[in-house]
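Scroll down for the structure; my scribbles are underneath it.
The values are calculated or read from the model by the stated rules, or taken from the named source; none is laboratory data. Keep in mind the model is a prediction, meaning the values are calculated, not measured. In this analysis, Cβ positions are derived from the backbone assuming ideal geometry, glycine residues included, and neighbour counts consider all displayed protein chains.
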Amino acid sequence: MIPPEIRRSVLLQKAIKLALAGTLLTFASFSATAADPSSDTETPQPPDILLGPLFNDVQNAKLFPDQKTFADAIPNSDPLMILADYRMQRNQSGFDLRHFVDVNFTLPKAGEKYVPPAGQSLREHIDGLWPVLTRSTKNVEKWDSLLPLPESYVVPGGRFREIYYWDSYFTMLGLAESGHWDKVADMVANFGYEIDAWGHIPTATVPTT
């Protein structure tokens, strides 16, 4: 006899797979009818491509504690104009790379560190994390590389703004276990939106190379 906890886990996985199957069927239908690739909305270029030598120089200079900080920075104006200014200024005497970045980019704000209440059980701790990890990006800044999504979604960690395709499967298993089928439905709907908007489901909702 299969133990109840194993049976429940299997049922949850089947339910998630059925939900995702609807998205994949939509993708198959979309692929069959999308004869003109120009009809797809192009995803933005990742910052390492768009900003070229500026991005590489900032990352190599180790201006920030990690590589994600500048990757998530939002240009304050047209990135191509910023890059052109950088090419003109970088060899000038006294050029300050950090100052240039501060003037031309809005850096991500440090999020508040989540401290769970004392004495929680593991299930209570997990249930308490869902609202902390839920994001909404219906509207994004003009030059932000983050791809907008119509529904809210759950990110893999506190500092993330973006959703990751592969991680989302396991996230949805956890949401289902916690009874948050509404959030599961929202995330599946977002996958369908990505297919409609870009013709595929990106690895993450920030452009990557």
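Details
- Applying the criterion of being under 14 Å from the mean Cα position of the chain (by Cα) and of a type in the set (Phe, Trp, Tyr) to the residues of the stretch 138-168, the residue that is modelled with the highest pLDDT is Tyr153.
- Residue in the stretch 102-111 that is over 30 Å from Gly174 (Cβ atoms) and of a type in the set (Gly, Ala, Ser) present: no
- Taking the stretch 122-137 as the range and being more than 15 Å from the chain's Cα centre (by Cα) and among the aliphatic types (A, V, I, L, M) as the test, the residues that pass are Leu122, Ile126, Leu129, Val132.
- Residue in the stretch 118-139 that is among the acidic types (Asp, Glu), surrounded by 13 or more Cβ atoms within 10 Å (Cβ to Cβ) and in contact (Cβ under 8 Å) with a residue 24 or more places away in the chain present: yes
- Tyr153 vs. criteria surrounded by 14 or more Cβ atoms within 10 Å (Cβ to Cβ) and touching a Lys or Arg at 6+ places or on another chain (Cβ under 7 Å): yes
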